[in-house]
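These notes are about the structure you will find just below.
Every read-out reported here was derived from the displayed coordinates using simple, explicitly stated rules and does not represent laboratory data. Just so it is clear, the model here is predicted, and its values are computed rather than measured. Backbone-built Cβ (ideal geometry, glycine too); neighbour counts: all protein chains shown.
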Amino acid sequence: MDSNNSTNSSEDLHGKEPIADEKIDNKKGRGASKLKMVSGQDKCKELERNEFGQPIGDNSVKYASFLGCMIKEFVLYTLDGWSDIDEEVKDRMWSCLQMTYKVEDWEKKSIFSKVS
């Protein structure tokens, strides 16, 4: 194999035409997932559950995404574990969750054990 073709990254696969670098730089990604609080939301979203208490139905996927985004929003990624999170932060996360989804106080421990 010719060493000239293998070292030049701005040529196409066949080594005949140079690739315009501006096409590569203009590529847009979807961006980071963000937790969007709905201001003025008058009621919480219902969660349908199966016999094991697991969320199912229309809101279950959005609920799971919400939990993931909530963790990314409130918790530093440099922490070693769930026990390193302040109780104040956990309380704020719980309040945020209760404002968006209909969850009971007794569910807090099981929900947080799943996201930990």
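Pairs to check: K62/K102; K43/K114; K62/K90; K90/K114. Give those whose C-alpha atoms are more than 18 Å from each other in this structure. Pairs exceeding 18 Å: K43/K114; K62/K90. Per-peptide packing, taken as the mean over residues of other Cβ atoms within 10 Å, places 65-73, 78-86 in the sequence 65-73, 78-86 from highest down.
Taking amide hydrogens as placed 1.01 Å from N in the peptide plane, the amide H of K45 sits under 5 Å from those of Y101, K102, each at least 5 positions away in sequence or on another chain. Note that region 84-93 has calculated 3J(HN,Hα) couplings of 7, 7, 5, 4, 4, 5, 5, 5, 5, 5 Hz, one per residue in order, obtained from phi through the Karplus relation 6.51 cos²θ - 1.76 cosθ + 1.60 (θ = phi - 60°); glycine and proline are x.
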